[in-house]
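First up is the structure itself, then whatever we jot down about it.
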Amino acid sequence: MTIKTEDLLNSILDSLDRITYIKAEDIPNIDLYMDQVTTFMESRLKRTTRNPGEDKILTKTMINNYAKNDLLPPPFKKKYSREHVMLLVFIYYYKGILSINDIQELLEPITRQFFGSKDAFNLETIYETAFGLEQGQIDALKKDITEKFQTAKGTFLDAPEESQEFLQVFSFICMLGFDVYLKKLLIEKMIDSFHDDRRRDLRAKEPKAREAKEPKA
């Protein structure tokens with residue numbers, strides 16, 4: 001191993017401490033052209049990528065595809081609002097674990113009800129509340145990761161000494177991977193339930209819609 005096992009845990013915990021999100025107050029209070037949006041996202045989220053020197057946070061093609069798939073409302077006069085940027089941040093975090101269809105299913109009700117709303121409860125309220133949970137989640141995650149790490153250190157104690165450290169790290173990765181797998185399944189099941197509920201609502205409305213269209217005798 002090129003990195004000692006204990007150093008691996010410390011490196012992971014330190015990286016979690018450096019994770020930040022884009023606060024609503026940090027998003028420019030003016031509408032932005034596409035190039036300005038991509039530059040802003042790159043400047044704020046670049047260090048969250050696996051290869052900061054190569055990986056792209058957002059491209060013009062991505063934004064156009066999001067609009068085509070109804071993940072993002074169209075810009076006004078080629079400019080994107082603060083709310084567009086908030087939706088793009090949500091999409092950025094979701095796209096690593098969810099399909100485009102699932103993201104659309106999840107964000108469509110929020111966009112439909114709150115995008116462009118002038119009420120006190122709006123998309124910014126949802127954005128700040130959702131990401132405001134971050135610190136508590138990171139603290140809980142650090143504790144969970146440490147416990148999984150200690151469990152992994154107790155595995156493969158009877159393995160050849162030269163393979164022991166690698167196999168223990170492999171155990172650690174397996175536990176983290178299984179955790180991600182289960183949570184992804186749970187998220188997908190919840191999104192499927194949203195879809196099923198919406199289809200039931202539409203079916204319930206169909207008879208009333210037909211009655212309204214039928215001419216009265």
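The values are calculated or read from the model by the stated rules, or taken from the named source; none is laboratory data. This one's a predicted model, so the numbers in the text were calculated from it and none came from an experiment. As a convention, Cβ positions derive from the backbone with ideal geometry for all residues, glycine included, and neighbour counts pool all protein chains shown. Heavy atoms of the whole protein, side chains included, go into the accessibility calculation; ligands, DNA and RNA do not. Shrake-Rupley method; radii C 1.70, N 1.55, O 1.52, S 1.80 Å.
Structure values in brief
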quantity: For segment 39-190, the spread of Cα positions along each principal axis, largest first, Å; calculated: 66, 33, 26
quantity: Most to least packed among 98-104, 46-52, 109-115 [average Cβ atoms within 10 Å]; calculated: 98-104, 109-115, 46-52
quantity: Computed Kirkwood radius, in angstrom, where 1/r is averaged over Cα pairs of segment 1-52; calculated: 13.5
quantity: The chain, relative contact order [Cα under 8 Å, separation at least 6], %; calculated: 20
quantity: E147 accessible area, assembled protein chains, probe 1.4 Å, Å²; calculated: 100
quantity: Between 0 and 90°, nearest 10: helix 134-153 axis offset from the chain longest Cα axis; calculated: 40
quantity: Cα-Cα P(r), segment 46-108, percent of pairs per 10 Å interval; calculated: 20, 54, 25, 2
quantity: Average accessible surface area per residue within the chain, 1.4 Å rolling probe, Å²; calculated: 68
quantity: For segment 103-179, alpha-carbon Rg over 2.2 N^0.38 Å; calculated: 1.83
quantity: Alpha-carbon spread of segment 127-166, three principal axes, descending order, Å; calculated: 50, 13, 8
quantity: Principal-axis tilt of helix 34-45 within the chain, Cα atoms, nearest 10 degrees; calculated: 30
quantity: Kirkwood Rh in Å, taken over all unlike Cα pairs in segment 78-123; calculated: 11.4
